[in-house]
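See structure below.
The values are calculated or read from the model by the stated rules, or taken from the named source; none is laboratory data. Computed from a predicted structure; not experimentally measured. FYI the Cβ positions are ideal-geometry reconstructions off the backbone, even for glycines, and counts take in every protein chain you see.
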Amino acid sequence: MTVAPHFSFKNETLHAEDVPLTTLARELGTPLYVYSRKALHDAWGAYSEAAKGRDVLVCFGMKANSNLAVLSEFHKLGSGFDIVSGGELARVLAVGGDPGKVVFSGVGKQAWEMRDALQAGVKCFNVESEAELELLAHVAAQMNKVAPVSLRVNPDVDAHTHPYISTGLKENKFGIAIEDAPAVYQRAAQLKSLEVVGVDCHIGSQITEVDPYLDALEKLLDLIDTLAAAGTHIKHLDLGGGIGIRYTDETPLTPKMLLDAVFERLEARGLGHLQIVLEPGRSLVGNAGVLLTQVQYLKHTEAKNFAIVDAAMNDLLRPTLYDAWHSVEQVGQAAENRPADAKTYDVVGPICESGDWLARDRKLDVQQGDLLAIMSAGAYAFTMASQYNTRPRPAEVMVDGSNYHVVRPRETLKSLFADEKPLP
């Protein structure tokens, strides 16, 4: 495994930028989420460079990582935001984000969330059902506002990814079937409190090839032509997010590869005037973070060897939820220096579930007390974390060169039940 470039070995110790992870563990404890500020900037730079000279709005899919420090960095870099809840909108506003660069996605928007978004002035609601369209029109009319809308269209395209993160097939809960979209757009055009501004599509996550995007794009361009013939002219085409990252041996798609191919198709179809909206999440933050954990016990059985650590499935749910692979680095020993006869371990946590594992069948040369870094944990780690087994969620720390900043303190046991009350 090649360590992510912003997490590298120096003097035989794994560092986040210029800060040894041993220092962070000693001063802040474990488990601990560690992020690299430079990794965020470099990931953004790949999108910025690919979009140069083109009408592209990049909206960070903040469900991947919604820490205010992360959002603030992307806001300062010029990012918009893809939100899926009223709570995420509140976080965007808390860092001074521009509501006019916010797209509101999600299948279950509630009336209060619609009201907050209309009051803030979001760029667009990505509507996912006819029922939602009617409610949004009603809420907007009550507020004497006009809601900008696009329909999230389900193109029935296989993204060739894990079924739990595939969102563009007919059997998925997301979006409106593409064959039904013209009629729903016609209905939207009839509602005076709505303004049709775009077409939206999101086919899945951790996509590593361009073909699924292009398959969906062709269907969307046909739809746009159909809408234009009926008198509905859109302003933007939202292709969602989903570009994958390297967890192990993947060769990820780059933003430039995607945008070059998209704009080539747009120009060929005479639609080069459209603004393209992208909603990347994982590809901006996934490799910008690690979960730092300490080995508590080693347990050797006839069937398995276990490295029992202080992080658990409540800190990183992806392995047990998706059978996801995260590379494991020994903080004090690079992989190439591990002895050939190193034992094979499952890295597991203390939670009372057999599904509480972070990595399986890994060659490790570990002792009790050693530090491990669970790599590529910048996306869908803290945002999916829970307090299961009454476990306080870890702190989050942002490394900036040789400095670091605690951007969210570790929860305390007392804070977990401070608002609970026994019956009188």
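Would you check if there is a residue in segment 122-143 being modelled with pLDDT of 95 or more, surrounded by fewer than 23 Cβ atoms within 10 Å (Cβ to Cβ), hydrophobic (A, V, I, L, M, F, W, C) and part of a loop (DSSP other than H, G, I, E, B)?
yes
Going by the conditions given, is Val84 touching a residue at least 24 places away in the same chain (Cβ under 8 Å) and not basic (Lys, Arg)?
Judged against the criteria, Val84 is not a match.
Given the criteria at pLDDT below 95 and out of contact with any strand residue (DSSP E or B) (no Cβ under 7 Å at 6 or more places or on another chain), does Asp323 qualify?
Judged against the criteria, Asp323 is a match.
Out of Val157, Val153, report the one residue that is assigned to a loop (DSSP other than H, G, I, E, B), over 18 Å from the mean Cα position of the chain (by Cα), at pLDDT below 95 and within 26 Å of Ala379 (Cα to Cα).
Criteria check complete, one pass: Val157.
Suppose we keep only residues that are touching a Ser or Thr at 6+ places or on another chain (Cβ under 6 Å) and small (Gly, Ala, Ser) within segment 111-146. Which one would you say is nearest to Gln186 (Cα to Cα)?
My answer is Ala137.
Please tell me if Asp98 is of a type in the set (Asp, Glu), buried (at least 16 other Cβ atoms within 10 Å of the Cβ) and within 30 Å of Glu49 (Cβ to Cβ). Outline the logic, then answer.
Numbers: of a type in the set (Asp, Glu): yes; buried (at least 16 other Cβ atoms within 10 Å of the Cβ): yes; within 30 Å of Glu49 (Cβ to Cβ): yes.
So Asp98 passes the test.
Output yes when any residue across segment 365-382 is buried (at least 16 other Cβ atoms within 10 Å of the Cβ), under 30 Å from Pro252 (Cα atoms) and either without any contact (Cβ under 8 Å) to a residue 24 or more places away in the chain or out of contact with any strand residue (DSSP E or B) (no Cβ under 9 Å at 6 or more places or on another chain) (or both), and no when none is.
yes
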